[in-house]
């Protein structure tokens, strides 16, 4: 898509088209490499963990609000190698 391809016409995928536009934007900003996608996913995962903490703070004490954020960070598919 970074080179002008269109999903479902030029290639088939089982994923929705938005992720490819996000990856293309990351490639445009950071260069075409796997590190651009890794940085993008690190930002997305950190934002998700922060959002879970803020949302959890509304319902539980601050010490317990850390648990969903930690579980999200540890159980995310992109965190294991």
Regarding residue 18, is this residue within 13 Å of the chain's Cα centre (by Cα) and surrounded by fewer than 11 Cβ atoms within 10 Å (Cβ to Cβ)?
yes
Give me the pairs, please: first residue somewhere in region 1-29 and farther than 24 Å from residue 42 by Cβ, second residue anywhere and part of a loop (DSSP other than H, G, I, E, B), beta-carbon distance under 8 Å, and either six or more positions apart or on two chains.
7/1; 7/13; 7/17; 8/17; 11/5
In region 25-51, what residues are surrounded by 15 or more Cβ atoms within 10 Å (Cβ to Cβ) and over 24 Å from residue 68 (Cβ atoms)?
26, 27, 36, 37
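Every read-out reported here was derived from the displayed coordinates using simple, explicitly stated rules and does not represent laboratory data. The shown structure was predicted, so the numbers you read here are calculated from the model rather than taken from an experiment. For neighbour counting, all protein chains shown are included, and Cβ atoms are generated from backbone atoms with ideal geometry for every residue, glycine included.
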